[in-house]
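**Student:** For reference, the structure I am asking about is given below.
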């Protein structure tokens, strides 16, 4: 459904050397699947995600969705195509002086849904999908982080997209709320058939949610594998970054530092300074 072909995105700022955030990336994403893109900060994964809806226009390459190359569309054609590509941001991006329902309705106004009745029906439908209808008249400041993210999901769903792009959707959430949000994304994918692309630096998100994994480093996809392989204890990624990402987390060797401290103390004692 989504075909990224030889995408590159280069930024030029002031008199500095150009920075290539996405470097000749090609990736095929199956219809109705959940594609994970993982990497450390600065790997280029968020830029690549924004390349899919041309929110960040690639310097070169092709972005083909359902057989249509978005790079070849006029401004108006691209605006229409984006209505079928929902996006969830890390920071929720809700308008504070609008209620939950008004925030969701805003996306429909931008999409050109002219009749207020039609917008209200679509808003109610989206809020019901993510079980937050009871907060329709509440303002964002009165919501928890998880509730705000659910509103952001509803806003993305209101236009009835075929694709849902998720940029670090759980990085600002606690573990329990993360699990809740991921369950909603899984339900949306299964029940509505929406193709989901998730960018994250959290391997637990990848393990819990995705079908396929692409590992990014320095603007390139350096490894791909099926997410189910992560459940196989014998599976070992081929790249160093892949192996690090599937490791058991952060390890701090405090014993080594302790040995250094003892050695320093002994040296000072020999010198007669302690």
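The values are calculated or read from the model by the stated rules, or taken from the named source; none is laboratory data. In this text the structure is predicted, and so the values were computed from the model without any measurement. A quick note on method: Cβ atoms are made from the backbone with ideal geometry, for glycine too, and the neighbour counts reach across all protein chains shown.
**Student:** Taking the residues in the range 174-210 that are surrounded by fewer than 15 Cβ atoms within 10 Å (Cβ to Cβ) and in a loop (DSSP other than H, G, I, E, B) as candidates, determine which candidate is nearest to the chain's Cα centre (by Cα).
**Tutor:** Per the stated criteria, the residue is 174.
**Student:** Restricting to the range 57-83, what's the tally of residues that are surrounded by 15 or more Cβ atoms within 10 Å (Cβ to Cβ) and more than 23 Å from residue 158 (Cβ to Cβ)? Can you show your working first?
**Tutor:** Start the filter on the range 57-83 by keeping residues that are surrounded by 15 or more Cβ atoms within 10 Å (Cβ to Cβ), which leaves 58-59, 61-65, 70-71, 73, 78, 81-83.
Going one step further and asking which of them are more than 23 Å from residue 158 (Cβ to Cβ), we end up with 58-59, 61-64, 71.
Looking only at that region, the number is 7.
**Student:** When residue 89 is evaluated against the numbered criteria (1) farther than 23 Å from residue 55 by Cβ; (2) touching a strand residue (DSSP E or B) at 6+ places or on another chain (Cβ under 8 Å), which criterion, by number, is the only one it fails?
**Tutor:** Evaluating residue 89 over (1) farther than 23 Å from residue 55 by Cβ; (2) touching a strand residue (DSSP E or B) at 6+ places or on another chain (Cβ under 8 Å) leaves (1) as the failure.
**Student:** Can residue 36 be described as crowded, with 17+ Cβ neighbours inside 10 Å, over 19 Å from residue 224 (Cα atoms) and touching a residue at least 24 places away in the same chain (Cβ under 8 Å)? Walk me through how you get there before you give the answer.
**Tutor:** Numbers: crowded, with 17+ Cβ neighbours inside 10 Å: yes; over 19 Å from residue 224 (Cα atoms): no; touching a residue at least 24 places away in the same chain (Cβ under 8 Å): yes.
When the stated conditions are applied, residue 36 does not pass them.
**Student:** Continuing with the same structure: Being closer than 19 Å to residue 146 by Cβ and either over 23 Å from the mean Cα position of the chain (by Cα) or not in a strand (DSSP E or B) (or both) is the filter here, so list the residues in the range 71-97 that pass it.
**Tutor:** Within the range 71-97, 89, 90, 91, 92, 93, 94, 95, 96 qualify.
**Student:** State whether one or more residues within the range 160-173 are farther than 22 Å from residue 209 by Cβ and part of a loop (DSSP other than H, G, I, E, B).
**Tutor:** Step one: list which residues in the range 160-173 are farther than 22 Å from residue 209 by Cβ, which gives none.
So far as the range 160-173 goes, no, none of its residues is farther than 22 Å from residue 209 by Cβ and part of a loop (DSSP other than H, G, I, E, B).
**Student:** While we're here: Of these, 242, 249, which one is in a helix (DSSP H, G or I), modelled with pLDDT of 60 or more, under 32 Å from the mean Cα position of the chain (by Cα) and not assigned by TED's automatic domain parsing to the domain that holds residue 61?
**Tutor:** 242 is the lone residue from the list that is in a helix (DSSP H, G or I), modelled with pLDDT of 60 or more, under 32 Å from the mean Cα position of the chain (by Cα) and not assigned by TED's automatic domain parsing to the domain that holds residue 61.
**Student:** Exactly one condition in (1) on the phi < 0 side of the Ramachandran plot; (2) under 20 Å from the mean Cα position of the chain (by Cα) is false for residue 160; which is it?
**Tutor:** Condition (1) is where residue 160 drops out.
**Student:** Follow-up question, since we're still on this one. Among the residues of the range 51-70, write down those that are in contact (Cβ under 8 Å) with a residue 40 or more places away in the chain and part of a helix (DSSP H, G or I).
**Tutor:** Scanning the range 51-70 gives 51, 52.
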